[in-house]
2 protein chains.
Amino acid sequence: MTSTLITGIGELTTKDPELGRLTDAALVFTDGLVAWVGPATSAPAADARVDVEGRAVLPGWVDSHTHLLFAGDRTAEFEARMAGTSYTAGGIAVTVGATRAASDREVEDNLRRHIAEAVSQGTTTIETKTGYGLNVVDEVRSARIAAGVADEVTFLGAHLVPPGADADEYVALVIGDMLDAVAPHVRWADVFCEQGAFDEDQSRAVLEASRAKGLGLRVHGNQLGEGPGVRLAVEVGAASVDHCTYLSSADVDALAGSSTVATLLPACDLSTRQSLPPARRLLDAGATVALASNCNPGSSYTTSMAYCITTAVLQMRMTIEEAVTAATLNGAKALRRNDVGHLSPGARADVHVLDAPSTTHLAYRPGVPLTRAVWRAGVRQR
Amino acid sequence: MTSTLITGIGELTTKDPELGRLTDAALVFTDGLVAWVGPATSAPAADARVDVEGRAVLPGWVDSHTHLLFAGDRTAEFEARMAGTSYTAGGIAVTVGATRAASDREVEDNLRRHIAEAVSQGTTTIETKTGYGLNVVDEVRSARIAAGVADEVTFLGAHLVPPGADADEYVALVIGDMLDAVAPHVRWADVFCEQGAFDEDQSRAVLEASRAKGLGLRVHGNQLGEGPGVRLAVEVGAASVDHCTYLSSADVDALAGSSTVATLLPACDLSTRQSLPPARRLLDAGATVALASNCNPGSSYTTSMAYCITTAVLQMRMTIEEAVTAATLNGAKALRRNDVGHLSPGARADVHVLDAPSTTHLAYRPGVPLTRAVWRAGVRQR
């Protein structure tokens, strides 16, 4: 057993309901788990000691929504969109072509590079999805590669109907041979329930078949307009419904009365010049709100959880406290994880030190890179 | 003479009207000045050689508007504003009190720390202002400290009428003893022409007296609503009018027909939950638009020019090209500088290497820290 004491913590955000936020605090982790949290003056001895000199410490980010199994480049599409072309789901097919053409090594290197970039900015738990394969061989390959690298892996065969395919025939493939082959590599299944992707019946079929295989459920919904995504996610007991940019009152009420997390992806909304999601309505109604990056090369090419938090506070009227909770504890809830997203004794020692005296600076200092140090499961990453 | 060759440049943004943007390029600087720019294959030999392996290279940012002569903390005010309290210029008085109470060393250390933070993110020319002294002794002290550290220094005695003072008497002090004492240390004078600060006549008096002392002119205007700021700036031939958040059609036309730069401060507008400025209207009318951070502890506590560019492209419908020009060449125009903001032969060797293949990634990858390397006047900073 080796233990590390982090002391001199100006503000310690634990996201533990009892411990809350402490000042002049210290934290000890032992063999990758938080062992002790409390006032700096009563900290126990440890094998190693790091003084963070008054800085803020909080749990590492839990980024519960990314698409990092990809190859190829979509810079030109982004430039075209910024010049006025509207975003449609069709651009996904470009990445599908490039991903299928890439070697296993290229896909894995790309995944590892983006995860390393995220970790260097404070992310310590990351979910990622298949969905740029869209045939049995390539979906399985993506799932297999991700399983060895990412914390959580989601099967998103139902990302898009491949160009030229019949939608119902494709759904039959997804819930048949594709699901059979991919399920052993993943914990989650997801469907893009949106006009231009999969309709309500097709989405329900994917979710029910996935549940029957023992997978947890997630839904992409209500990104481009109101629709059945949120309602369906709540109906099937999905852990999370992601995007939630356009919500009816009934959608807000359904989320508030459920254990389904509303995962908001503001970097995506801004990168596609959509409206920002109605975070305030969701929070005021009592829904559980998470923030995630949606990192992907088409609609949201960022690994920056800080950017999501800054945007949530400055432009979506979330408080700092709500935004930090959304990017830590509620990201973990969206993944049904109890071991990350907080710094209670027994939690995984995912520790994020800011180059700032408080988490407020995540919104007060927009764009300034504030990640000073990161430990994941007690191992120093940065 | 020592020379450095930077080669392997995937995309070289020169902001030189003839050279434009080059691919597969190289750049040589000698004794702090750009000596040669062209195709990598025909680059001359140099004493040192740096291969940037396909990355994008552009001029360092010119941040033409900051307020870094300050002490004290306004985190609590920011938190209150995010909780719903509206922003008024009155908060400046808090910083005035803290700044007057601080030692020279504290003020200078704070200035140097913030400039270093800016440089580490690619800023190579920075303007900063007095304006938290508001009496002769403290305004002179701020100007003297800044003169030794920042590239450009502006006298902003007319930032706010000190609490309890009579506005006209204070203006008489500003354009009398204060201007006499500060002028030797600064190149510029500025006035906050806004309801709650200085009215049109008071502002004109400050600008005319400053011009008579040989200072260049700048104006804070149209931040909180339409008003006389822009019109006055154009009338007196100011180099720049800054904020421009609320503009009448006449304001836009006046700017378009003038050599006064419209300097937009989007991080400030977002941090105070104002509207974003009408960049598209200004550009379409033919005005010269710059972007700056407005770094200050009250309304815009960021040194991130990348955040300003990201916001300008994603939310203000500027193109990448326009936003990068606004943060380099037009920032230099706002300071009437020909030697920075571009990489023409003869320019100061202010070189910014991105961890990305093109400047597009400044908006395509929101929040991701992309500064890989920075040289200022040929000296490596990062």
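B:Thr263: out of contact with any Leu (no Cβ under 7 Å at 6 or more places or on another chain), facing chain A (nearest Cβ under 9 Å) and over 19 Å from B:Arg74 (Cα atoms), yes or no? Even if it seems obvious, please write down each step before you answer.
Working: out of contact with any Leu (no Cβ under 7 Å at 6 or more places or on another chain): yes; facing chain A (nearest Cβ under 9 Å): no; over 19 Å from B:Arg74 (Cα atoms): yes.
Criteria not met by B:Thr263.
Could you pull out the residue among A:Leu22, A:Leu27 that is in a strand (DSSP E or B) and open to solvent by 20 Å² or more (accessible area, probe 1.4 Å)? Can you show your working first?
Values: A:Leu27 fails: open to solvent by 20 Å² or more (accessible area, probe 1.4 Å).
Every option except A:Leu22 fails the conditions.
A:Thr303 - would you say it is of a type in the set (Ser, Thr, Tyr), over 23 Å from A:Leu68 (Cβ atoms) and modelled with pLDDT of 95 or more?
Details: of a type in the set (Ser, Thr, Tyr): yes; over 23 Å from A:Leu68 (Cβ atoms): no; modelled with pLDDT of 95 or more: yes.
Here the answer is no, as A:Thr303 does not meet what is asked.
For the stretch A:269-291, taking the residues that are more than 14 Å from every other protein chain (Cβ to nearest Cβ) and in contact (Cβ under 8 Å) with a residue 40 or more places away in the chain, the one that is farthest from the chain's Cα centre (by Cα) is identified as A:Thr288. The residue that is nearest to A:Pro266 (Cα to Cα), among those in the stretch B:362-382 that are of a type in the set (Lys, Arg) and in a loop (DSSP other than H, G, I, E, B), is B:Arg365. Of the set (1) of a type outside the set (Ser, Thr, Tyr); (2) out of contact with any Asp or Glu (no Cβ under 6 Å at 6 or more places or on another chain); (3) in contact (Cβ under 8 Å) with a residue 12 or more places away in the chain; (4) over 26 Å from B:Ala326 (Cα atoms), all apply to B:Glu79 but (3).
Here is a yes/no grid of residues against (1) out of contact with any Phe, Trp or Tyr (no Cβ under 7 Å at 6 or more places or on another chain); (2) modelled with pLDDT of 95 or more; (3) farther than 30 Å from A:Ser275 by Cβ:
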| position | (1), (2), (3) |
| --- | --- |
| A:Asn135 | yes, yes, yes |
| A:Gly164 | yes, no, yes |
| A:Asp168 | yes, yes, yes |
| A:Ala172 | yes, yes, yes |
| A:His185 | yes, yes, yes |
| A:Glu200 | yes, yes, no |
| A:Arg204 | yes, yes, no |
| A:Arg218 | no, yes, no |
| A:Gly221 | yes, yes, no |
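Meeting the requirement of 1 or more residues that are among the hydroxyl-bearing types (Ser, Thr, Tyr) and crowded, with 16+ Cβ neighbours inside 10 Å, the strands (runs of 3 or more DSSP E) wholly within the stretch B:145-233 are B:152-158. Looking at this structure, is A:Leu247 among the aliphatic types (A, V, I, L, M), surrounded by fewer than 22 Cβ atoms within 10 Å (Cβ to Cβ) and outside any helix (DSSP H, G or I)? Here the answer is no, as A:Leu247 does not meet what is asked. In this structure, B:Arg382 does not satisfy being among the charged types (D, E, K, R), within 14 Å of another protein chain (Cβ to nearest Cβ), under 17 Å from A:Thr75 (Cα atoms) and open to solvent by 10 Å² or more (accessible area, probe 1.4 Å). Every test in (1) touching a strand residue (DSSP E or B) at 6+ places or on another chain (Cβ under 7 Å); (2) under 15 Å from B:His65 (Cα atoms); (3) away from every other protein chain (no Cβ under 14 Å) is passed by B:Ala327 save one, and that test is (3). Here is the figure for the stretch A:362-379: residues that are open to solvent by less than 10 Å² (accessible area, probe 1.4 Å) and either farther than 29 Å from B:Val119 by Cβ or without any contact (Cβ under 8 Å) to a residue 12 or more places away in the chain (or both) total 1.
Taking the criterion of being open to solvent by 10 Å² or more (accessible area, probe 1.4 Å) and either under 26 Å from A:Ala327 (Cα atoms) or at pLDDT 95 or above (or both), the residues of the stretch A:53-76 that qualify are A:Glu53, A:Gly54, A:Arg55, A:Ala71. Consider the stretch B:347-361 and keep the residues that are open to solvent by less than 10 Å² (accessible area, probe 1.4 Å) and in a strand (DSSP E or B). The one that is nearest to A:Glu77 (Cα to Cα) is B:Leu354. Looking at the stretch A:266-326, the helices (runs of 4 or more DSSP H) lying wholly inside it that each contain 1 or more residues that are open to solvent by less than 10 Å² (accessible area, probe 1.4 Å) and within 30 Å of A:Arg113 (Cβ to Cβ) sit at A:266-271, A:305-316.
Just give me the residues in the stretch A:327-346 being in a loop (DSSP other than H, G, I, E, B) and crowded, with 22+ Cβ neighbours inside 10 Å, in sequence order.
If we filter the stretch A:327-346 for residues that are in a loop (DSSP other than H, G, I, E, B), which is where we start, we get A:328, A:335-346.
Answer for the stretch A:327-346, where residues must be in a loop (DSSP other than H, G, I, E, B) and crowded, with 22+ Cβ neighbours inside 10 Å: A:Thr328, A:Leu335, A:Val340, A:Gly341, A:His342, A:Leu343.
Among the residues of this structure, A:Arg218 counts as one that is in the same structural domain as A:Ala290 (by TED's automatic domain parsing), among the basic types (Lys, Arg), within 29 Å of A:Ala306 (Cβ to Cβ) and in contact (Cβ under 8 Å) with a residue 24 or more places away in the chain. Count of the stretch A:98-135 residues, restricted to those that are open to solvent by 40 Å² or more (accessible area, probe 1.4 Å) and away from chain B (no Cβ under 14 Å), is 10.
The values are calculated or read from the model by the stated rules, or taken from the named source; none is laboratory data. None of these values were measured; they are calculated from a predicted model. Backbone-built Cβ (ideal geometry, glycine too); neighbour counts: all protein chains shown. Areas reflect the complete protein model, heavy atoms only, side chains present, ligands, DNA and RNA absent. Shrake-Rupley method; radii C 1.70, N 1.55, O 1.52, S 1.80 Å.
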